[in-house]
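The values are calculated or read from the model by the stated rules, or taken from the named source; none is laboratory data. Since we're looking at a predicted model, the values are computed, not measured. Note: ideal-geometry Cβ built from the backbone for every residue, glycine included; neighbour counts use all protein chains shown. Remember, those area values only see protein heavy atoms, side chains included, never the ligands or the DNA or RNA. Shrake-Rupley method; radii C 1.70, N 1.55, O 1.52, S 1.80 Å.
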Amino acid sequence: MSPNENSVVLRVTHRCFRALLTGDIGMRTEEVLASHVGKADLLKIAHHGSSGSTDEKFLKADEPRLAVI
């Protein structure tokens, strides 16, 4: 397993705003987290936007209004 899968993932909530900061996790960890993190207003795309992270299934689970790399 890649050390990236051990990245810190933070869910930050302030009043009605929710952000999900995913560090460098890959699709393997996203699959585990998808059913636990809930919706996010802002999603920090994992692993610098590489092809090995933030797949469509994870995006559908989070439904972010805004995503940043």
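Taking the numbered list (1) at positive phi; (2) buried (at least 17 other Cβ atoms within 10 Å of the Cβ) in turn, residue 24 passes all entries but (1). Of the listed requirements (1) at pLDDT 90 or above; (2) open to solvent by less than 40 Å² (accessible area, probe 1.4 Å); (3) touching a strand residue (DSSP E or B) at 6+ places or on another chain (Cβ under 9 Å), residue 11 misses just one: (2).
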